[in-house]
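See structure below.
The values are calculated or read from the model by the stated rules, or taken from the named source; none is laboratory data. All values reported here derive from a predicted model rather than from experimental measurement. Every residue, glycine among them, receives a Cβ derived from its backbone with ideal geometry; neighbour counts consider all protein chains shown. The protein model used for the area step is the full one, side chains on, heavy atoms only, and it has no ligands, DNA or RNA in it. Shrake-Rupley method; radii C 1.70, N 1.55, O 1.52, S 1.80 Å.
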Amino acid sequence: MSNPVVEIKWLRKSFGTLEVLKGVDFNVNESEVVCLIGSSGSGKSTLLRCINLLEKPDDGSIHVFGQNILDVKNVDQYRANVGMCFQQFNLFKNMNVLKNCMIAQQKVLHRSAKEAEEKARFYLRKVGMEQFALADSNMISGGQKQRVAIARALCMEPKLMLFDEPTSALDPEMVKEVLVVMKQLAEEGLTMIVVTHEMGFARQVADRVVFMDKGVIEEEGDPKTMFTNPKSERTREFLSHFQED
Amino acid sequence: MQESFFRQVLDILQKYWPSMAIGIQNTLIISLTGTIIGLVIGLFVGGLRAIRLDYTASKSALIGKKILDFAGKVYIDVFRGTPMMVQAVFLYYALLNIVHWDKLGAGIFVISVNTGAYMAEIIRSGIQAVDPGQTEAARSLGMSNIQTMMNVVLPQAVRNAFPAIGNEFIVNIKDSSVLMIISIADLMFQSKSIAGSTFQFTATYGITAAIYFILTSTASLILNLIEKRLNRPRTSFPQSDTDPSSMSLATEKAGKS
């Protein structure tokens, strides 16, 4: 459990004059599920995007699997090891469900079409979408799209999965079907970092909850203590909005 | 007067239809191949110009991209900013001693590079209509800029831009008439020689206009059919099934504690 997968030290990032991350230290261990919570604009998504190098940090260091990723030569190869799911699903609209899950396997991992299809069907089955393999990716519901997006990322067999508000664009019924899948992955021991507003999910599934506020980590801890007895006043205030949950 | 006009038209058609047919054939060959090659050029130039290198790109890639972007911009500006008729005479004579081309080849070349400049801009706007999230998703899966462009962005850009691409074909059917300046036996050139030998200018060019109109309206009819087909959903899909309890792995309810 104490094998660090992600080690972030003193991470800083500004967009123009807006300082989004003001020196963040953050670690994730193997097989750990960490939920990042906090109000919009607190820097959660930026932190996540830095781990996948979609944003370039201004200062600090990020080590993933012991490797300083700000130095890696082959960024594409690195990204292939880290799965990411987005709020807007971002399925490739010119491909059907199956092809969405195959294309990167073929182009990046150079798998044969047959092998890629087997893998794709395996992971589509895992997220309960195999019967939709030949469906047009524009014609399925939001929850189904997100499940396909998860399968698409899993097909690369990443050692780390990043979720950027995966359920924020979904209605409550669809939220559930996506969370079922994510919970299953967590139970299988996949290392996951999840930016979310789903406090129920955080409480139930996370090994650790990290509360971010104004570009710094305000408080972190195991979900039980965090939700019942937060140390910081700001955390308490934020969580009070979710009492009915 | 009225009767004699139709008589003239009929006479010309009867006597000169073989040379008109050659003209129609050449006009169609030039405008169709010119549009297709122009589209290929446009995909290449427009696609390259639309790639946004992020900070992870190497230094040499950044410099190479700058140079290509500049060359692309010059190409587009020059060919959109000068008349095709001028491009035709200039390129024909300028390159004549180097390539020794036949006239039809020269015509196709001119119309291709001219169309390419317009297509590059059409493709670029088609690319802008593809939401950047898909590019981000492809990159997050480890696909390179070029792989993302080829497999994800360009196919959608072509579909988005299909009406504008088709319109270029119609424009080319009409505008290829200026290529008679380098004596290509297109419809316009054939008409001119028919008019020159019959001295019946109104009747001859009346026929010419009618033929051009038939060509463009047929082309636009076909393009509309293709567009309808493109917009049809491509695959049937199974019964809607969003109930999580039907999912193979849903052994318990999640979400609420």
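Couple of notes before you dig in:
- Across region A:46-125, the mean sequence separation of Cα contacts (distance under 8 Å, 6 or more residues apart), normalised by length, yields a relative contact order of 18 percent.
- Considering only the protein assembly as shown, percent of DSSP beta bridges that pair antiparallel, nearest 5: 55
- Principal-axis analysis of the Cα atoms of chain B puts helix B:162-175 at an angle of about 10° to the longest axis.
- Table column - 3J(HN,Hα) (Hz), region A:167-184, Karplus curve with 6.51, -1.76, 1.60, x for Gly and Pro: 10, 5, 9, 10, 7, x, 5, 6, 3, 4, 5, 6, 5, 4, 5, 5, 5, 4
- Angstrom value of the Kirkwood radius, inverse mean 1/r, which spans all Cα pairs in the protein assembly as shown: 26.6
- Of interest is the spacing of the C-alpha centroids, which for region B:113-182 and region A:87-115 amounts to 22 Å.
- For region A:148-210 versus region A:127-141, the inter-centroid distance based on Cα atoms is 19 Å.
- Of the peptides B:89-102, A:189-202, the ranking by mean beta-carbon count within 10 Å, highest at the top, reads A:189-202, B:89-102.
- Loop-resident sites, region A:1-36, for chymotrypsin sites (Phe, Trp or Tyr not before Pro), counting at most 13 other Cβ within 10 Å (DSSP): none
- Heavy-atom accessible surface that B and A bury in contact, both chains counted, 1.4 Å, Å² to 100: 4000
- Normalised convex hull volume, region B:2-232, alpha-carbon set, Å³ per residue: 143
- Region B:1-123: Rg to Rh, with Rh as the Kirkwood radius over Cα pairs: 1.21
- Among the GluC sites (Glu not before Pro) in region A:74-138, none is located in a DSSP loop while being surrounded by at most 12 other Cβ atoms within 10 Å of its own Cβ.
- Rel. contact order, % - alpha carbon contacts under 8 angstrom, at least six apart, region B:2-232: 33
- Within 10 Å of the Cβ of each residue in B:182-191, the mean number of Cβ atoms contributed by other protein chains is 0.
- Per-residue Karplus couplings for region A:81-96, computed as 6.51 cos²θ - 1.76 cosθ + 1.60 with θ equal to phi - 60°, are listed in order as 8, 10, x, 9, 10, 10, 4, 8, 6, 6, 5, 6, 6, 8, 10, 7 Hz, Gly and Pro entered as x.
- Region A:32-107 shape via C-alpha gyration tensor axes, a/c threshold 1.5: oblate
- Sorted on the mean count of surrounding Cβ atoms within 10 Å across their residues, most packed first, peptides B:31-43, A:70-82 read B:31-43, A:70-82.
- Mean accessible surface per residue for chain A, computed with a 1.4 Å probe while every protein chain stays in place, in Å²: 41
- Between B:Ile29 and A:Asn27, the modelled label-to-label distance comes to 7.5 nm, taking each label 7 Å out from Cα in the direction of the beta carbon.
- Length released on extending from A:His241 to A:Asn81, taking residue separation times 0.36 nm less the Cα-Cα span: 54.0 nm
- Residues of chain B: accessible area per residue with a 1.4 Å probe, Å²: 55
- When the convex hull of its Cα atoms is projected in every direction, mean area for region A:132-245 (nm²): 8.2
- Shielding by partners for peptide A:75-84, expressed as the average number of C-beta atoms from other protein chains within 10 Å of each residue's C-beta, is 4.
- Listed by chain and number, the lysines whose C-alpha is less than 18 Å from the C-alpha of A:Lys231, apart from same-chain residues fewer than 8 away, are A:Lys214.
- Each Cα pair under 8 Å and six or more residues apart adds its separation to the average, and for chain A the resulting relative contact order is 26 percent.
- Summary of packing: across the peptides B:129-142, A:83-96, the per-residue average of other C-beta atoms within 10 Å ranks them, highest first, as A:83-96, B:129-142.
- Overall dimensions of chain A as given by Cα atoms, namely Rg and Dmax in Å: 17.9, 55
- Alpha-carbon centroids, region B:22-75 and region B:199-229: separation in whole Å: 29
- Rolling a 1.4 Å probe over the protein chains gives B:Ile214 an accessible area of about 100 Å².
- Shielding by partners - mean other protein chain Cβ count within 10 Å, residues of A:174-181: 6
- Amide H contacts of A:Asp213 (H built 1.01 Å from N, in plane; Pro and chain starts excluded): A:Glu218 sit under 5 Å, all sequence-distant by 5 or more or on other chains.
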